[in-house]
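Report on the following structure.
None of the figures in this text is laboratory data; all of them are computed from the coordinates on show. Keep in mind the model is a prediction, meaning the values are calculated, not measured. Here the Cβ positions follow ideal geometry from the backbone for every residue, glycine too, while neighbour counts run over all protein chains shown.
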Amino acid sequence: MTIWSTITKKFRAPPLPKPTLEYDSTYLDNLVNILRLYFNQLDNLLGQIVATTGSAVPVSIGGTNVDAFGRVRVSQPYTLFDSQSRYEADPQFDTTTTGTGSATYASNEAAVNMAVTAGGVGSVIKQTYRVFPYQPGKGLLVLATFVMDGGTNSGLTQRAGYYNTQNGVFFQKVGNVYSFVLRSNSIPTPGTPSDIRTVNQDDWNGDKLDGTGDSGYILDLSKAQILWMDFEWLGVGSVRCGFIIDGQYIVCHTFNNANDVTTVYMSTATLPVRYEIVSSSAVAGTLKQICSSVVSEGGYEQYSFGHIARRTTVLGTIGSTFLPLVSIRLKSTRLGAVVLPQRVQVLPTTSQNYEVALVKNPTLTGASWVATTSNNVEMDVTATAVTGGTIVQTDYVTSSGSGGTTPLADPAGYNWDLQLGSSLASVSDIYTIQIRTVSGATTGDAVGSLTFWDLTG
């Protein structure tokens, strides 16, 4: 272990005695003795440092004190996503199970137990509906906490990280083999997802967490762990992977790409957070999903082209039951796009009082989806009925005024909670403007539009 590791890990300031209310010579003697011993330790350590390094003591800022682009980690972290399951399983994750797989919320642990049983094969996957936008030139920091099953059967695979079926980086345990994996839809064969860049613990180019590294730690996955990864994507940047133990960011492995690969190392860094456990044989195991976060280090630039989905023909015969005015969804081939609603605008053409609502994931009758001004988004203005869904914004308008004067944005930036996502079954979220009359027997008429941001880049 190096002298620097010794200082970091083992050197601590001593506890000082509690002062007395009045003068006490014994207290002062004890205090002086403790300080004398402390300064003797400092002198001894300084002597070791000088003997090791020469007269010059190296001082530098680097390693995990800086983000993926070398900027000191005091610069504007911007949270794109955070997840915890305080009172229920976080609804920001979609869940699929097969065979013996099950997902159970553990209320006293604020966690979800993803389990397979010995009754046969099975799987559980939990993945965020949303993907999280990477901006070139800004480091992307991903944190995920979990407890993995300590079993050693090779038929059990457990994973956690920032990835989907096409691209991403994750930590995995297969039996008793620990690995970091860079999944790519670009390398070695463009268009074919591959896990060829799987690096097992013995081959990590950082601290192997086997007791031989600078940290001195041995990784025990049966205990709770904090996985961290940061990306300087730019198509060819590096990815650092490791764990946080006792407040230390430990780099276990770095995937280096610049001056090495001949194409992008993965086709996008805009990805979801994902956990999964899979049994390929009749073996039991439990992966405990706890918390996760995605942070853009260095802030997030607030800019976007504006796009509009609009109804230009009047919607007539509006009565006391909600009718759909205009809807948007992600195109089926662009489910990784980053799209958020911005503003609802409705203009009544008949004198009446109306309730207008923006609703997420309703059921539409008679929808016909067509292109919008964004290549990533489709719209519908032909649906004849709407039911269900979750209302995220309401307004009340008359023929003398239009709604939507307040944008659907957070004062600090984009309201990421409103971002269109997609399920593990590749079904996009839908936003619909719906309208109904709130007084009188006369039916109404209206036109309207839904403005949205497309941050896909």
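Considering every pair of different Cα atoms, what Kirkwood radius, in Å, is found for region 305-454? Could the numbers behind the result be given before it?
Values: mean 1/r = 0.0652 Å⁻¹.
Evaluated over region 305-454, this radius sits at 15.3 Å.
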Given Cβ charges of +1 for Lys and Arg and -1 for Asp and Glu, the option among F171, L364, Q158 whose Cα lies farthest towards the positive end of the dipole of the chain is L364
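Quote the FRET efficiency, to the nearest 0.05, computed for Q302 versus N361 with a Förster distance R0 of 25 Å and r equal to the Cβ-Cβ distance. Display every interim value, and only then the final one.
Working: r = 27 Å, r/R0 = 1.07.
So, using R0 = 25 Å, E works out to roughly 0.40.
Can you tell me how much longer the chain between I218 and E88 gets when fully stretched, taken as 0.36 nm per residue apart minus their C-alpha distance, in nm with one decimal?
Numbers: separation 130, 0.36 × 130 = 46.80 nm, distance 3.27 nm.
Once the chain is fully extended between I218 and E88, it gains 43.5 nm.
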Net charge near S449: determine it from the other residues with C-beta under 10 Å of the C-beta of S449, scoring Lys and Arg +1 and Asp and Glu -1.
+3
Give the relative contact order (percent, whole number) for the chain; include only Cα pairs under 8 Å separated by 6+ residues.
18
Just add up the charged neighbours of V147: K/R +1, D/E -1, any other residue whose Cβ is under 15 Å from the Cβ of V147.
+1
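So what's the net charge close to S368: Lys and Arg +1, Asp and Glu -1, counting the other residues with Cβ under 11 Å from its Cβ? Please report the intermediate quantities before stating the final value.
Numbers: positive: none; negative: E378, D380.
Its environment carries a net charge of -2.
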Between I34 and A284, the two model label points (7 Å from Cα along the beta-carbon direction) sit apart by a distance in nm of 5.0
Ratio of Rg to Rh over region 285-364 (Cα coordinates, Kirkwood Rh, two decimals):
1.10
What are the extents of the Cα atoms of region 63-297 along their three principal axes, listed from largest to smallest and rounded to whole Å?
49, 40, 37
Most positive-pole-ward Cα, Y275, L315, S332, against dipole of the chain from beta carbon charges
L315
Relative to the first principal axis of the alpha-carbon coordinates of the chain, what is the inclination of helix 25-53, with its axis defined by its Cα atoms, in degrees from 0 to 90 and to the nearest 10?
90
Under a plain spin-label model, where a point goes 7 Å from the Cα along Cα-to-Cβ, how far apart in nm are L21 and A110?
4.0
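Per residue, how big is the convex hull of region 65-173 when only Cα atoms are used? Give it in Å³.
Working: hull volume 16.5 nm³, N = 109.
Spelled out: Cα convex hull of region 65-173, divided by residues, is 151 Å³.
Semi-axes of the equivalent ellipsoid for the chain, please: Cα gyration tensor eigenvalues, times 5, square-rooted, ordered largest first, whole Å.
Semi-axes, largest first: 51, 28, 23 Å.
Which value, in debye to the nearest 20, describes the size of the charge dipole of the chain about its Cα centre when Lys and Arg Cβ atoms bear +1, Asp and Glu Cβ atoms bear -1, and nothing else is charged?
Values: 28 positive and 34 negative charges, 111 e Å.
Approximately 540 debye in magnitude.
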